[in-house]
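> Structure below; questions to follow.
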Amino acid sequence: MTKLVLTLVLAAAAVTACSAPDPRLNTQGGAYPLGCLEHQRSSPGRSYAAGASTGRSLELLRYYTANRGVRYCDGEPATGSDRAWAERYVALGADPANVAGILNQSIQDARST
């Protein structure tokens, strides 16, 4: 019985360790449009995929639609994580023009290498 309980506890711990929290969009909690954007620290998680979470998808759509053309606070170009969020935004059916500055940056970067 003790071995069974120990096995179940270890299995539960392994599952918990493997299921990392789903990354969230950093919306900066401000009123839109923002004065500048902060870089996203991670790429979008499963909950932002089409059909996964209506609330999170709407949050993403609202963020990039309202902040169209807003530059990053540090003046640096978009990161890979920033581009991943912009790509997810377009994949959800949003207007690519709202994130063209982020997405076109990656095209320009590829051309310059």
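The values are calculated or read from the model by the stated rules, or taken from the named source; none is laboratory data. Everything quoted here is computed from the prediction, not taken from an experiment. Reconstructed Cβ throughout: ideal geometry from the backbone, glycine too, with neighbour counts over all protein chains shown.
> Would you say residue 75 is loosely packed, with under 10 Cβ neighbours inside 10 Å, in a loop (DSSP other than H, G, I, E, B) and at pLDDT 90 or above? Explain how you work it out, then say what you get.
Numbers: loosely packed, with under 10 Cβ neighbours inside 10 Å: yes; in a loop (DSSP other than H, G, I, E, B): yes; at pLDDT 90 or above: yes.
In short, yes.
> With the structure loaded, tell me whether residue 47 is modelled with pLDDT of 95 or more and outside any loop (DSSP other than H, G, I, E, B) or whether it fails that test. Don't jump to the end; show me each part of the working.
Values: modelled with pLDDT of 95 or more: no; outside any loop (DSSP other than H, G, I, E, B): yes.
Taking the combined requirement at face value, the residue does not satisfy it.
> Further question on the same structure: Would you pick out the residues in segment 53-70 that are at pLDDT below 95 and touching a Pro at 6+ places or on another chain (Cβ under 7 Å)?
70
One line per residue, one yes/no per condition, for (1) exposed (fewer than 13 other Cβ atoms within 10 Å of the Cβ); (2) in a loop (DSSP other than H, G, I, E, B):
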{"site": "39", "(1), (2)": "no, yes"}
{"site": "60", "(1), (2)": "no, no"}
{"site": "68", "(1), (2)": "no, yes"}
{"site": "83", "(1), (2)": "no, no"}
{"site": "93", "(1), (2)": "yes, yes"}
{"site": "103", "(1), (2)": "no, no"}
